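Reviewing the structure listed below.
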Amino acid sequence: MFGDKMIRYANQFTRAVAVASLCLATMAVKADEIAIGASLPLSGSLAGFGAYQKWGYETAVNDINKAGGIKIGTTQYKVKLVIRDDKTDPNVTASNTETLISRDGVAGMLGSCTPALVNAGALVAERRRVPLVSGCNPLGAFRAIRQWKYAWVLFFDEADLGNAPFRMLADYQLQTNKKVSILSDNGPDGRVVGGEIWPRAVSKGGYSLVGQNAFPIDAQQFTTMISQAKADGADIALVDAIPPQAIAMRKQMESADFHPRLLVMEKGAEPEQFAKALGKLADGVLVGGYWDPSFPYPGAAELGKRFESEAHQTQSQHIADSYAAAQVLLDAIAQAGSLDHEKINQAIGKTNKSYVVGPVKFEADHTSRIPVAVMQWQNGKAVTVWPQDKANGKLLFPLPTAH
């Protein structure tokens, strides 16, 4: 009897939540607004990424609203972007996504940053059958979770990223002793890039892997593995770590007098906070990239200028994939001519258009690949140094010393 009552209450509660969610979505329409949501790392270790994404998402929404909004039927609606801080915590990302869907009644979601956060939100959106579009999530880590139906990602593929330094070495015929040391965190992308892709690229390129170390994502002391890389005579150091760890590691390399000829620091060396924290120590550090205002994509140059003018910071590639992800979602809502999640999702799948990051067309696995470039920090700016046809600066090689 008690079990039967609980089942009835549970069913009633489920129906009530569904009705409430529908009412919230309807309220957004009645108020001449369409709500879309985003859970972003505005605090915590990935706040540097979240700030760029916030600007990209907000700018895309502001632009469409300035143009009149989105027309559904005979009515023109303004778009309301609801952002919640996930504090760089996957559990909070999941909770925020649930809240944005059930309480805020969003028509669609925009993703967070890095596999741990994007995938956490995508799994909730998938369960709730609400479309989610994101950048900032390497494609292999996204594909590895499941066969997606409602989540879509436009970004680079880890295999392209891992092979890029070796292709650059070959293209420029750079001379090293071919000894490579890998230092990567044990997060999702660190395991893929540092544990699988880089070792394969080392072997394929005819290089010698003299050291391979993994560390927790919250580690702060790297002196032992740095000393080992130095003792092994590694001319090439490949690092995958989030910004605080990458910054600490670069400082500890200098303290240990370890000066590889080529230093790649994936993930952690992307945001401007890396260069600001390190000053001259950032010069010469390489990081995989996919966008620069100089690339021949529609609106690229203008977007970079707008960000630097408004934020008074050096532009980051993350303003581009976030701006494009928002545009893809907004275009899909317009194409669907409806707030129905299924119709919006189907429209996303039909995307075939050039955006600020280049052509976007989703494959059957819900990914759209952005070609990889190699960036290098030079005097506080990220300069594209490879491939040669996209380079807007000259490669610093070998890695400069700070003194």
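The values are calculated or read from the model by the stated rules, or taken from the named source; none is laboratory data. Keep in mind it's a predicted model, so treat the numbers as computed, not measured. Cβ sites come from the backbone with ideal geometry, for glycine too, and all protein chains shown count toward neighbours.
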Collect the residues in the range 280-318 that are in contact (Cβ under 8 Å) with a residue 60 or more places away in the chain and small (Gly, Ala, Ser), keeping them in residue-number order. Ala282, Gly284, Gly288, Gly289, Ser294, Ala311, Ser316
Restricting the range 29-69 to residues that are out of contact with any His (no Cβ under 9 Å at 6 or more places or on another chain) and among the polar types (S, T, N, Q), which is nearest to Ala311 (Cα to Cα)? Thr59
Going through the range 350-396 one residue at a time, which ones are surrounded by fewer than 16 Cβ atoms within 10 Å (Cβ to Cβ), at pLDDT 95 or above and of a type in the set (Lys, Arg)? Lys350, Lys353, Lys361, Lys394
Looking at (1) assigned by TED's automatic domain parsing to the domain that holds Arg127; (2) touching a Gly at 6+ places or on another chain (Cβ under 6 Å); (3) modelled with pLDDT of 95 or more, can you tell me which one Leu399 breaks? (1)
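Go through Ala347, Ala332, Ala336 for me and flag whichever is touching a Gly at 6+ places or on another chain (Cβ under 8 Å) and surrounded by fewer than 24 Cβ atoms within 10 Å (Cβ to Cβ). Write out each step before concluding.
Numbers: Ala347 fails: touching a Gly at 6+ places or on another chain (Cβ under 8 Å); Ala336 fails: touching a Gly at 6+ places or on another chain (Cβ under 8 Å).
Going through Ala347, Ala332, Ala336 in turn, the sole match is Ala332.
In this structure, does Ala241 turn out to be in contact (Cβ under 8 Å) with a residue 24 or more places away in the chain and either touching a Phe, Trp or Tyr at 6+ places or on another chain (Cβ under 9 Å) or not charged (D, E, K, R) (or both)? Step through it out loud before you land on a result.
On the way: in contact (Cβ under 8 Å) with a residue 24 or more places away in the chain: yes; either touching a Phe, Trp or Tyr at 6+ places or on another chain (Cβ under 9 Å) or not charged (D, E, K, R) (or both): yes.
Yes, satisfied.
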Given the options Ser294, Ser309, Ser368, Ser322, name the one that is of a type in the set (Ser, Thr, Tyr) and within 29 Å of Pro400 (Cβ to Cβ). Ser294
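With part of a strand (DSSP E or B), within 17 Å of Val153 (Cβ to Cβ) and touching a residue at least 60 places away in the same chain (Cβ under 8 Å) as the only criterion, which of Val360, Val385 stands out?
Working: Val385 fails: within 17 Å of Val153 (Cβ to Cβ).
Residue meeting the stated conditions: Val360.
Can you tell me which residue among Leu329, Leu339, Leu396, Leu303 is hydrophobic (A, V, I, L, M, F, W, C), under 28 Å from Pro131 (Cα atoms) and assigned to a loop (DSSP other than H, G, I, E, B)?
Values: Leu329 fails: assigned to a loop (DSSP other than H, G, I, E, B); Leu396 fails: under 28 Å from Pro131 (Cα atoms); Leu303 fails: assigned to a loop (DSSP other than H, G, I, E, B).
Only one candidate qualifies: Leu339.
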For the condition closer than 17 Å to Ala269 by Cα and among the polar types (S, T, N, Q), what is the one hit in Ser203, Ser208, Ser184, Ser227? Ser184
Which is in a helix (DSSP H, G or I) and among the aromatic types (Phe, Trp, Tyr), of Tyr323, Tyr297? Tyr323
Quick check on the range 292-302. Is at least one of its residues within 21 Å of the chain's Cα centre (by Cα) and surrounded by 24 or more Cβ atoms within 10 Å (Cβ to Cβ)? no
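Out of Ala256, Ala326, I need the residue that is modelled with pLDDT of 95 or more, out of contact with any Lys or Arg (no Cβ under 9 Å at 6 or more places or on another chain) and either under 24 Å from Ala125 (Cβ atoms) or not assigned by TED's automatic domain parsing to the domain that holds Lys54 (or both). Which one?
Working: Ala256 fails: out of contact with any Lys or Arg (no Cβ under 9 Å at 6 or more places or on another chain).
When all the criteria are applied, what remains is Ala326.
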For a quick check of your reading: which strands (runs of 3 or more DSSP E) sit entirely within the range 169-274 and have at least 3 residues that are crowded, with 23+ Cβ neighbours inside 10 Å and of a type in the set (Lys, Arg)? none
